[in-house]
Structure formats: C-alpha cells, structure tokens
C-alpha cells in the first residue's frame, strides 16, 4: 500500500532532502506551496507531514506559533504523524553535557523559548510526533547555513573560519543522513511512542577536529582561524537577523553533544555517512577547491 507524505518547506534544507529521500523510498510525495495551497486540503489523507517550515529568525515570534498550530490541526484531522526537525536551542547554556530527550529545556533566550513552547504544544495537543533533534547542518550545496556561508569560503586557501572556541565540542548533522533517519522512523511509526523526542547523534567535533577532518577529506592542509565577531556587531543596526546570531553565539563556545543511545535503540540498522565523505559533499560547491576535485575523482 502506497504511503503519502506532505512536505512543508519543500525547497528548504531539511524539506528538500526529505522530499528526495521519501520519493526514493517509494512514498507518494506532495510538496506544499504556501503561495497557492490550502493546508487542510493538501493534508487530506496523508500519512506523514514533514514540518520543514523555518521562517527567518526575526520572524519566528510572529510566525512560528501560527504556522505550527496549522500543522497540528491538519495532523489531528488526518491522524497523521508529524516529523518535526528539532534543534538544540531548547536546552540553553546551563544544560548539563550530553543532551538527551530527558535533558531539561532550560532556554531563557527568545529563540530558545519559542522552540520550547512550540514543541510543548505538539505534546499537549496529542499529535503523533517524531521530533528528530539535530545540531548544525552540513548540506550538499550552498544553502546559506553557518558552514557554507561563514566557515568555508576561504577553504580553497586552506582556512577554516571558526566562530567559537576551537576546543569546544559541537553537534553537526549531515542532511542526507538526517533525511534517511526521518524516512526510517516514518516507516516504523506505528511502533513509536505517540510523541518521540529523538536526538540525532550526527558528528560531534571540536573546531580543531573539524579542521583536521577537512584536511583528511580534501587531502590538503586546513588551518583554523577564529572568526572576529566585531564586524558582525557593526551590522546589527542594519540587519535584523544579526541580533539573533549573537543570541545563539553561546553554542559555539559551549561544549555539547547529542546522545545517540536512544537513536541506536530505535534504528540499530542505521549506518551514518563517514564524516570525510560528508565534508567532501558539503564543500564541493567551492570554486577551484580541492573539494571539487576530490568529489569529481
């Protein structure tokens, strides 16, 4: 029997990868267009809704509650499972190391609180939910995230620009792997708890370990250089998103890791992509870089 998935945010990072991965797994795919589609109608009869909508930071307070209320209503009306890409904002800077589903949500900053309240609303409403929680994304193309926009533009010159402490552990998620995990969980959703908060282990790397892994992946020396936040501070009056980047800056200095124990229990057959291959794919867009040569070889 064919299963149907509705992708919200189908052109975004998570939604784009979920769309191709669900389709490759034989699911019937519906891609939602906010400009023309009605959510209640688009969700009619679907089995899974991928809630990949992610407004710009400066619009979260105004848009996130409303958008996700619509998703919850559509899911409940169809008894559909929502796959919700979670992040690490909910824990806050005072959370103990080694983040699990049981780690308290201690965030007090605006973006963190919006996420805390949004997640709690899914649980309270009784929506069938798979909250797949991940760290910063590694994409297969330049999509405007921290990694491709800030950290690797100077990689062809052998420089990784790092925004925090080089010795602080940081959580990363390779998007093709995250999408594969989403499909695998959707396939076994009948056996899952009604609300599953599942940390995705991905890769845990210090800044220096990331530089070393890039050196191995690209077969060239890569040196870490600390990002100067001063020019970004000067841009704050002119770019509304900047204040939110500073709000979340602590994550680059706070050692953290998403515990993979529960993930391994639910998906023991899952084999992650080797980090060197993920980094090759995440840097192949760089013109004239060794990454492009390695990928093409």
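Highest mean first, what order results for 255-266, 162-173, 129-140 on Cβ atoms within 10 Å? List each step's numbers first, then the result.
Values: 255-266: 16.7, 162-173: 18.8, 129-140: 22.4.
Highest to lowest by the protection proxy: 129-140, 162-173, 255-266.
Any chance you could give the angle, 0 to 90 degrees and rounded to 10, that helix 175-187 forms with the longest Cα principal axis of the chain?
So the inclination is approximately 20 degrees.
Determine, for each peptide in 80-89, 10-19, 97-106, the mean count of other beta carbons within 10 angstrom over its residues, then list the peptides with the highest first.
Numbers: 80-89: 23.5, 10-19: 21.6, 97-106: 14.2.
Final packing ranking: 80-89, 10-19, 97-106.
Using only Cα atoms and rounding to the nearest 10 degrees, what angle (0 to 90) does helix 207-218 make with the longest principal axis of the chain?
Tilt of helix 207-218: around 90 degrees.
Going by a ≥ b ≥ c, the root eigenvalues of the Cα gyration tensor, does the stretch 168-283 fall in the rounded group (a/c under 1.5), the prolate group (a/b larger than b/c) or the oblate group? If you can, show how the numbers build up before the last one.
Working: a/c = 2.45, a/b = 1.46, b/c = 1.68.
Because a/c hits 1.5 or more and a/b fails to exceed b/c, the stretch 168-283 counts as oblate.
Decide, for the stretch 196-253, between rounded, prolate and oblate: order the square roots of the alpha carbon gyration tensor eigenvalues as a ≥ b ≥ c, take rounded if a/c falls under 1.5, and otherwise choose prolate if a/b is larger than b/c, else oblate.
Because a/c hits 1.5 or more and a/b fails to exceed b/c, the stretch 196-253 counts as oblate.
With a cut-off of 8 Å between alpha carbons and a minimum separation of six or more residues, what is the relative contact order of the chain in percent?
Values: 537 pairs, mean separation 56.9, N = 297.
Value for the chain: 19 percent.
Before anything else, pin down the relative contact order of the stretch 1-142: Cα pairs under 8 Å, at least 6 apart, normalised by residue count, whole percent. Walk me through the numbers on the way to the answer.
Values: 217 pairs, mean separation 31.6, N = 142.
Over the stretch 1-142, the number comes to 22 percent.
Just report the Cα centroid separation between the stretch 27-60 and the stretch 217-248, whole Å.
Rounded to whole Å, the Cα centres lie 31 Å apart.
Which whole-number percent is the relative contact order of the stretch 138-270 (Cα, under 8 Å, 6+ apart)?
On the way: 150 pairs, mean separation 48.4, N = 133.
It rounds to 36 percent for the stretch 138-270.
How far is helix 13-24 tilted, in degrees, relative to the longest principal axis of the Cα atoms in the chain, given as a value from 0 to 90 rounded to the nearest 10?
Relative to the chain, helix 13-24 is tipped by roughly 60 degrees.
Is the stretch 53-112 best put as rounded, prolate or oblate by its Cα gyration tensor, with a ≥ b ≥ c the root eigenvalues, rounded for a/c under 1.5, and otherwise prolate when a/b is larger than b/c, oblate when not?
Details: a/c = 2.99, a/b = 1.48, b/c = 2.01.
Judged from the Cα gyration tensor, the stretch 53-112 comes out oblate (a/c at least 1.5, b/c at or above a/b).
Sorting check: for 243-253, 67-77, which peptide has the highest mean count of neighbouring beta carbons within 10 Å, and how do the rest follow? Numbers along the way, then the final one.
Details: 243-253: 15.5, 67-77: 18.9.
So the order, starting with the most tightly packed, is 67-77, 243-253.
None of the figures in this text is laboratory data; all of them are computed from the coordinates on show. Note that this is a predicted model, so its numbers are computed, not measured. Quick reminder, even Gly has a Cβ in these numbers, built from the backbone with ideal geometry, and neighbours come from all protein chains shown.
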